[in-house]
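Asks: Got a structure for you, written out below as structure tokens; questions coming shortly.
Nothing in this text is a laboratory measurement; each read-out follows from the coordinates by a stated rule. Everything numeric here is computed off the predicted structure, so don't read it as measured data. In this analysis, Cβ positions are derived from the backbone assuming ideal geometry, glycine residues included, and neighbour counts consider all displayed protein chains.
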Amino acid sequence: MTPKTIRLFIKPGCPWCVDAVEWLDARGWDYERLDVTNDRAARLEMLELTGQSKAPSAEIDGHVIADFDTGQLEHFLKQNGYSF
């Protein structure tokens with residue numbers, strides 16, 4: 001099973017954010033990229049969802065993961081029944 005909805009909150013220039021984008025792109029998954037540096041509404045939404053300001057953060061089919069690297073993302077997805 002692959003995610004239906006992915007919203008990725010990023011900060012441009014953040015190496016972990018670049019890794020997350022490349023990881024998702026390599027799998028061909030569709031996702032919404034939200035720049036929390038330049039989009040105040042996205043920044044506030046990320047803060048509300050995660051309780052923190054660290055990126056990357058993501059909302060995947062209603063599940064939230066904050067301040068992660070790609071290894072943690074893979075673990076999170078497996079725990080929630082996704083395959084890639």
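Asks: So which residues in the stretch 72-84 are in a loop (DSSP other than H, G, I, E, B) and touching a residue at least 24 places away in the same chain (Cβ under 8 Å)?
Replies: Gly81, Tyr82, Ser83, Phe84
Asks: Among the residues of the stretch 39-59, how many are over 19 Å from Val18 (Cβ atoms), among the aliphatic types (A, V, I, L, M) and in contact with an Asp or Glu (Cβ under 9 Å, 6 or more places away or on another chain)?
Replies: Here the count works out to 1.
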